[in-house]
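Notes to accompany the following structure.
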Amino acid sequence: MKKIDIRILLLFILSPIFAYSQSDHYWSQNFNVGSSLLSGAVVGGKAGVSAVYYNPAQIGHDSTMKLSLSVNLISLQFYDIKNFAGDDIDLYQFNFKLQPKYVSYIHQPSKNDRIFIEAAFLARVSDDLTFKVSHNKNLDIIKRLDGEENYTANLNSSRKYDDFWIGAGMSYKFGNNWSLGASLFMSVKVMIYSYGHSMYAFQTDDMVFSDGIPEPYYFPQFEFEEKLKYWDLSLISKIGIHYRSDDLSFGFGTNFTFPNLGIYGEGEVGKKVTRSNIHNDEAVIFTDDLVMLENQKKVRTNIKDPFSVAVGFDYTTPNKRNTVLLTVEYFNKIDPYQIINTSDELTNTNDAAKALFGNRDVMSFYYNAASVTNIALGFIQNFNEKISALGGFRTDFSSAAKISDTTIGEKPKTFKIHQDKFHFTGGPLFHWNKFNLILGLQYTFGRGNNLEQVINYSDPVEFNSLNGESLQGSRNNTMRVNYNEISLFFGITYRTGGNP
């Protein structure tokens, strides 16, 4: 095989398209139903019981809520992906999710109203998605044999990624206007991921012919599988500043979230590559058979979260009936890095595969992220002392959608489809005695056009000597992604006194 073929084949086998090893969205989920319905535009004010996350300087200062429980009752996700695995090979996917959202408790350690402490648990990220595509047709893919072959191809991807945060924060009020706060969270990240595809071409007759001459029966095949499991424990700190005007009509806040400090984590990696009976028609020879069946356990993790800074404002009209809110948050980029510290040694691999993959860090996974700036808008309409309406809009740009695969080059990454998302939220808030009851709905849509196909099963060739690919066609930029999601929220908060 030519040297250029080896390089490109390695890129094809070990770097699936749209591939990253963490979540590429920072604003997919909000915390506490009230803040969720305001689309998280609460850094400048109205964070309430979610202040420990959005801006710890607000803890306890604009609310006397003590115990809060928020739940995402139902989340319905719809994927409609055109030309996913080739021309007219589409993918339709529906997901139903049910998950806890947010639990918090606020404590005032003394009667001094300048100090408040809050503890909270939240599910910052929860991704769970499976893709399956099967394709079968008769065509003449093995050109050196007479007649058509049965071509069978399958793609399977399963990805579950969760990031749970548990922590506490404290705020201190300086005078009547300014406050300072800090919070510290323990982050527990868990990834369970698998991705694989297989392609076969075979004739159904007992004997095959080449130019009318019988020869021994064979069929070409290619298989690739990879698996990744890990858990990772780290610490994440936040510092917030908040200002509230004397007449309570204007609020300003800023919140700094610092990169995580890794504590410990372990993972397991498995990769499989097999290729056999693939004929190179241009060179008139069979390519080398490949066998790689590798697995490594209890390898250390090294997961990174970005630095971010958020700025927010809110304004309430003199009659106290209307409030508008704005928050902007910038997330710094993450340079390419190895998320799991695997060994380069290949112990269950044949010589041809060792020559191809040896000393190329094929057992690891890599991650990087571009800088992202998101914006959120929220509003509150107070009808009376019992009922209010909350609503909002926020962007949720992918930190990976605009990154070329050449950023990491030949380094392996996990499979994930990226698209920018946009969220619309709204719902009522009911005040009843010492309880606040919040119901809400969120609609999310994402779109992607002119994307490169994940793989091409519609026009396969036995072997492409230009890029080293087997039993598939060249991918083109005709994939279109339509994503829609509807989520229903429910939250209840117990109030110990003061204003709701």
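The values are calculated or read from the model by the stated rules, or taken from the named source; none is laboratory data. Just so it is clear, the structure is predicted and the values come from calculations on it, not from any experiment. Neighbour counts are summed over all protein chains in view; Cβ atoms, including those assigned to glycine, are modelled from backbone coordinates with ideal geometry.
Among what's in the range 110-130 and is touching a residue at least 60 places away in the same chain (Cβ under 8 Å), surrounded by 15 or more Cβ atoms within 10 Å (Cβ to Cβ) and not aliphatic (A, V, I, L, M), pick the residue that is farthest from Leu233 (Cα to Cα).
That would be Glu118.
Whether any residue in the range 183-190 is assigned to a strand (DSSP E or B) and more than 24 Å from Pro306 (Cα to Cα) is what I want to check.
No, there is no match, as no residue in the range 183-190 is assigned to a strand (DSSP E or B) and more than 24 Å from Pro306 (Cα to Cα).
What's the number of the condition Leu180 fails, among (1) under 33 Å from the mean Cα position of the chain (by Cα); (2) over 30 Å from Gly251 (Cα atoms)?
The single condition Leu180 does not satisfy is (2).
Go through (1) more than 14 Å from the chain's Cα centre (by Cα); (2) modelled with pLDDT under 90; (3) among the small types (Gly, Ala, Ser); (4) assigned to a strand (DSSP E or B) one by one and return the number of the condition Ala153 breaks.
The one condition Ala153 does not meet is (2).
Given the conditions (1) within 30 Å of Ile455 (Cα to Cα); (2) outside any strand (DSSP E or B); (3) out of contact with any Leu (no Cβ under 8 Å at 6 or more places or on another chain); (4) not hydroxyl-bearing (Ser, Thr, Tyr), report the number of the one that Asp113 does not fulfil.
(1)
Please work out which one of (1) of a type in the set (Asp, Glu); (2) under 30 Å from Phe252 (Cα atoms); (3) modelled with pLDDT of 90 or more is the condition Asp113 fails and give its number.
(3)
Given the conditions (1) of a type in the set (A, V, I, L, M, F, W, C); (2) closer than 23 Å to Tyr193 by Cβ; (3) modelled with pLDDT of 80 or more, and given that Ile417 satisfies all but one, which numbered condition is not satisfied?
Here Ile417 meets the rest and fails (3).
Among (1) in contact (Cβ under 8 Å) with a residue 40 or more places away in the chain; (2) part of a strand (DSSP E or B); (3) surrounded by fewer than 20 Cβ atoms within 10 Å (Cβ to Cβ), there is one condition Tyr218 misses while meeting the rest; what is its number?
Only one criterion in (1) in contact (Cβ under 8 Å) with a residue 40 or more places away in the chain; (2) part of a strand (DSSP E or B); (3) surrounded by fewer than 20 Cβ atoms within 10 Å (Cβ to Cβ) is unmet by Tyr218, namely (2).
Listed residues Ser28, Ser21, Ser63, Ser50; which is polar (S, T, N, Q), in a helix (DSSP H, G or I) and at pLDDT 50 or above?
Result of the check over Ser28, Ser21, Ser63, Ser50: Ser50.
Only residues that are free of Cβ contacts under 8 Å to residues at least 24 places away in the same chain and within 24 Å of Gln93 (Cα to Cα): list them for the range 131-157, please.
Those that are free of Cβ contacts under 8 Å to residues at least 24 places away in the same chain and within 24 Å of Gln93 (Cα to Cα): Ser134, Asn136, Lys137.
If we scan the range 307-322, do we find a residue that is within 30 Å of Lys434 (Cα to Cα), of a type in the set (A, V, I, L, M, F, W, C) and either at pLDDT 95 or above or touching a strand residue (DSSP E or B) at 6+ places or on another chain (Cβ under 7 Å) (or both)?
Yes, there is a match, as at least one residue in the range 307-322 is within 30 Å of Lys434 (Cα to Cα), of a type in the set (A, V, I, L, M, F, W, C) and either at pLDDT 95 or above or touching a strand residue (DSSP E or B) at 6+ places or on another chain (Cβ under 7 Å) (or both).
Conditions first: (1) surrounded by fewer than 16 Cβ atoms within 10 Å (Cβ to Cβ); (2) polar (S, T, N, Q); (3) closer than 19 Å to Thr349 by Cα. Ser249 passes all but one, so which condition is the exception?
Unmet for Ser249, out of (1) surrounded by fewer than 16 Cβ atoms within 10 Å (Cβ to Cβ); (2) polar (S, T, N, Q); (3) closer than 19 Å to Thr349 by Cα: (3).
More than 17 Å from Leu73 (Cα to Cα), among the hydrophobic types (A, V, I, L, M, F, W, C), part of a strand (DSSP E or B) and touching a residue at least 24 places away in the same chain (Cβ under 8 Å): does that describe Ala85?
no
Identify all residues within the range 247-305 that are farther than 23 Å from Glu215 by Cβ and in a loop (DSSP other than H, G, I, E, B); write none if there are none.
Asp247, Leu248, Ser249, Phe258, Pro259, Asn260, Asn302, Ile303, Lys304, Asp305
Need pairs with beta-carbon distance below 7 Å; first residue in a loop (DSSP other than H, G, I, E, B) and within the range 327-346, second of a type in the set (Lys, Arg) and modelled with pLDDT of 90 or more; sequence gap 6+ or separate chains.
Every condition considered, the pairs that remain are Asn341/Arg300.
To keep it simple, each residue is scored yes or no on (1) farther than 29 Å from Ile380 by Cα; (2) at pLDDT below 95.
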| site | (1), (2) |
| --- | --- |
| Gly181 | no, no |
| His197 | yes, yes |
| Gln203 | yes, yes |
| Pro214 | yes, yes |
| Trp231 | yes, no |
| His242 | no, no |
| Thr257 | no, no |
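Within the set of pairs 6+ apart or on separate chains, which have a first residue in the range 296-325 that is on the phi > 0 side of the Ramachandran plot, a second that is assigned to a strand (DSSP E or B) and surrounded by 15 or more Cβ atoms within 10 Å (Cβ to Cβ), and C-beta atoms under 7 Å apart?
Lys298/Glu266; Lys320/Asn382
Can you find a residue that is buried (at least 20 other Cβ atoms within 10 Å of the Cβ) and within 24 Å of Trp231 (Cβ to Cβ) anywhere in the range 313-330?
no
When only residues in the range 124-170 that are of a type in the set (A, V, I, L, M) and touching a Phe, Trp or Tyr at 6+ places or on another chain (Cβ under 6 Å) count, which is nearest to Phe224 (Cα to Cα)?
Top of the filtered list is Ala153.
Could you check the range 160-179 and list, in sequence order, the residues that are at pLDDT 90 or above and either closer than 30 Å to Asn95 by Cβ or assigned to a loop (DSSP other than H, G, I, E, B) (or both)?
Result: Lys160, Tyr161, Asp162, Asp163, Phe164, Trp165, Ile166, Gly167, Asn177.
Right, Ser39: touching a Gly at 6+ places or on another chain (Cβ under 6 Å) and at pLDDT below 80 or not?
no
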